[in-house]
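Bear in mind these aren't lab numbers, they're just calculated from the coordinates by the rules spelled out. Quick caveat, the model's predicted, so the values are computed rather than measured. When we count neighbours, we look across all protein chains shown, and the Cβ atoms used for this are built from the backbone with ideal geometry, even at glycine.
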DNA sequence: AAGATACGTCAATATGGCTGTCCCATCTTC
DNA sequence: GAAGATGGGACAGCCATATTGACGTATCTT
């Protein structure tokens, strides 16, 4: 299917058309992303199932841990899901005592989300699984590779959303 | 929650404990993976919805395109889902004339999967969306970064599965 | 006072996983 | 050639997670 891989194609100077890279390089990235991402999250999934939760619960826990006192609307933007979907998840987490809310002080319509002590402990446990996997990959690849890893992934995020992601990481740019 | 970010922690020589990296670096990777992966697949998702398919259909199409005459069992291993789940997807694809099967020649119990012409055309269209996104990110990051990107992702895949992924890419090693 | 906003909730629907069970055709082994 | 293992398919039912649309309430803004 299109662009057969040829050992000599590189002599066509890849830099000439950087936006139309060899199919193989793109497929490689797609596949590594797919397998890498799913394998990283596998250990987390197992922990979640043991506690009767799913991935959606983890995502909520994760970002609430990351930004305590996050209003619901902000979490909705981060997750790009509907109010209804998030509602169910938050109700589950609140029912198990992992998340609590308080009214916003400046705007009392807002509910600010934060983890309870149990919630924080659970999130930390889940995070440990992520750390174990990613740390090993980072260490095996080396710091330079990690930088490249970040750079490419940043490039996958559309301009208008990149700022939001960077803000999470305390990198106002 | 563990390991507060301190500006001076780097003076503890990060190479000393490469398996226990700073929390921030791990969280950064997790977040970039999450947002990068979902944003890359967004454009594909839209195309799929227009045609009445979901992500599961794309995954099947993708790997069948990648390895024509793939037996069902091989696809099951790649996708790590159950026979029943895959069965539904393959029936959908066959019903719409995108996938066809033939009996294996060495083992006639096998059904070898391949795309029809329409299937190949559709897969190519979906792939273009991936290429557009990834190529731009590759180009913006530069070849060195791309290598690092690959290296880290490879490290996320457990030893015993890495070979399978490499085989997809015609890299018997 | 009117309207917009933040949040919640009810109801219905779709997707894509899962388990368990049973079946058939074919290959392998003895 | 019979017994068992394997590749594939199918039925039934369940669960998690997402969707849309409609509506309600409290609070903020104008």
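Of the residues B:123, B:128, B:161, only one is under 24 Å from residue A:41 (Cβ atoms) and either within 11 Å of chain A (Cβ to nearest Cβ) or away from DNA strand D (no atom under 11 Å from the Cβ) (or both); which?
Result of the check over B:123, B:128, B:161: B:161.
I need a count of the residues in segment A:91-121 that are out of contact with any helix residue (DSSP H, G or I) (no Cβ under 7 Å at 6 or more places or on another chain), surrounded by 15 or more Cβ atoms within 10 Å (Cβ to Cβ) and assigned to a helix (DSSP H, G or I).
Matching residues across segment A:91-121 total 1.
Scanning segment A:50-90 for residues that are within 8 Å of DNA strand D (Cβ to nearest atom) and part of a loop (DSSP other than H, G, I, E, B), which turns out surrounded by the most Cβ atoms within 10 Å (Cβ to Cβ)?
A:53
For the structure I just gave you, tell me whether residue A:152 is at the interface with chain B (Cβ under 10 Å from one of its Cβ atoms), buried (at least 16 other Cβ atoms within 10 Å of the Cβ), under 20 Å from the mean Cα position of the chain (by Cα) and within 25 Å of residue B:38 (Cα to Cα).
Answer is yes for this residue.
Please determine whether any residue of segment B:110-119 is within 10 Å of chain A (Cβ to nearest Cβ) and touching a residue at least 60 places away in the same chain (Cβ under 8 Å). First the steps, then the outcome.
Here is the first cut: in segment B:110-119, the residues within 10 Å of chain A (Cβ to nearest Cβ) are B:115.
Within this subset, residues satisfying the condition of being touching a residue at least 60 places away in the same chain (Cβ under 8 Å) are none.
No, every residue in segment B:110-119 fails to be within 10 Å of chain A (Cβ to nearest Cβ) and touching a residue at least 60 places away in the same chain (Cβ under 8 Å).
Does any residue of segment A:63-83 turn out to be under 26 Å from residue A:40 (Cα atoms), away from DNA strand C (no atom under 16 Å from the Cβ) and either within 9 Å of chain B (Cβ to nearest Cβ) or in contact with a strand residue (DSSP E or B) (Cβ under 9 Å, 6 or more places away or on another chain) (or both)?
yes
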